[in-house]
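As C-alpha cells, the structure follows; a few thoughts come after it.
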Ligand SMILES: C[S@@+](CC[C@H](N)C(=O)[O-])C[C@H]1O[C@@H](n2cnc3c(N)ncnc32)[C@H](O)[C@@H]1O
C-alpha cells in the first residue's frame, strides 16, 4: 500500500463528499430563494439574508458558511457576497450556464436508491415514470438553459437547409419531449411552423401542455402521450430527439419509426450527451457525471422497455451512427457539439 496515494485518494473522496452535500445545499438555495436574493452581488450579513428571504437566521448562517467554505459565495468582514459568475450558474434561470437544475436531477438518485438496488438485483429495469418527481422537474430545469442558448442560435442552423423550412412553415415532431422545453423554444422562434411533442410519460405530457399555454404557443404546438415507436404523425420535415434516444429500450425501432414518419428530404436532429466512442476517452469530469446518472436513470429506463438495448448516456457517435444506419438512414454526421452535447444529423 502506498500511503501517499491513499492520502491523495482520501482527499479526492472528501472533496466528492463535500460536493454531494453541497448539491443538497444548492437545492435549498434555489428553493428558498437565497441565490436570487444575493444575485445583485451586494455583500450582506446572514441576518440580512434571513430577513430578505423570511427564513430562520441561525440556519441561514450555517447554510452561508457552507457556501463560503465551498467558494460558492465570498466571505469577508462578517458579510457574504455572491460573485457575478456564481450568480450566472446558480441564480439566473435564463443564463446559458445555469446548472442548479442538475442538483435536482441528481437528488433523484438518492431518493430512488431502494428502487435501483432492486433493479440491480433483478432485470435491471426502472421506468422513467417510477422515479421521484424531482427527476422530471430537474430534467427540465437542467436542460432548458442549454436549449435556450443553443437550439435556435446554433444547433438548428448547423443542419442542412432546416432553418429556411422552419421559417416558411414546417412540420416538426419532438420525440421524448418531457416537459416540452425544446418544443416550446422552437415554437417561439418559428411561429409559422407546427410542433408536435410526444412522450410516453403521461404526467410529463400534462406539464408540457401547461408550458405551451403559459408561453402562448398552443396555436402551433400539441403534446400527445405516445411511445417513440407508435406516434401517428407523418410527413414531418424535422424529427427531433433531445437527450432521450439513449433512454429508450429500442433506439433502432425509434429511429426506424422516425425514418417512416419523415417527408422525403426530411431531417432527424439527434441531441445526445457529449461522449467519445470509448470508455478510455470518457474518463473525465463530464463522462464521470453522465455515467453515474446513466447507471441510476438512463440505462435502467432502457432496460425496462422492449428490446432493452441499454445504450447508456455515453454511447458516443459511432454507436449512434450504427443505430441510424440500421434503421435505414444513409446520411449521418456530427452537425456541431458543445462540451455537454453531441448534435447529430440523420437524413434518408
Ligand atoms: C432525459 S428525458 C429528456 C426530456 C426532454 N427531451 C428534455 O430534453 O427535456 C428523457 C425522456 O424520454 C422519455 N422516454 C423514454 N423512453 C421513451 C419512449 N420509449 N418513448 C417516448 N418517450 C420516452 C422519458 O419519458 C423522458 O421524458
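The values are calculated or read from the model by the stated rules, or taken from the named source; none is laboratory data. Because the structure is predicted, anything quoted here is derived from the model rather than measured. Positions of Cβ are generated from backbone atoms using ideal geometry, with glycine treated the same way; all protein chains shown enter the neighbour counts.
Structure notes:
- Annotation: of all residues in the range 263-321 being at positive phi and more than 21 Å from the chain's Cα centre (by Cα), the one that is farthest from the ligand (Cβ to nearest atom) is 265.
Condition check ((1) modelled with pLDDT under 95; (2) in contact with a helix residue (DSSP H, G or I) (Cβ under 7 Å, 6 or more places away or on another chain); (3) on the phi > 0 side of the Ramachandran plot; (4) crowded, with 18+ Cβ neighbours inside 10 Å) across all residues:
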residue: 62; (1), (2), (3), (4): no, no, no, no
residue: 68; (1), (2), (3), (4): no, no, no, no
residue: 72; (1), (2), (3), (4): no, yes, no, yes
residue: 75; (1), (2), (3), (4): no, yes, no, no
residue: 83; (1), (2), (3), (4): no, no, no, no
residue: 90; (1), (2), (3), (4): no, yes, no, yes
residue: 103; (1), (2), (3), (4): no, yes, no, yes
residue: 113; (1), (2), (3), (4): no, no, no, no
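- Hey, residue 93 within 18 Å of the chain's Cα centre (by Cα), within 16 Å of the ligand (Cβ to nearest atom) and within 19 Å of residue 38 (Cβ to Cβ) or not: yes
- Here residue 121 passes the criteria (1) within 16 Å of the ligand (Cβ to nearest atom); (2) free of Cβ contacts under 8 Å to residues at least 12 places away in the same chain except the one numbered (1).
- Among the numbered conditions (1) buried (at least 21 other Cβ atoms within 10 Å of the Cβ); (2) under 26 Å from residue 159 (Cα atoms); (3) touching a strand residue (DSSP E or B) at 6+ places or on another chain (Cβ under 9 Å), the only one that residue 247 does not meet is (3).
- Unique match (being buried (at least 23 other Cβ atoms within 10 Å of the Cβ), in contact (Cβ under 8 Å) with a residue 60 or more places away in the chain and part of a strand (DSSP E or B)) among 299, 267: 267
- Count - residues of the range 243-262 that are within 18 Å of the chain's Cα centre (by Cα) and either assigned to a loop (DSSP other than H, G, I, E, B) or under 23 Å from residue 168 (Cβ atoms) (or both): 3
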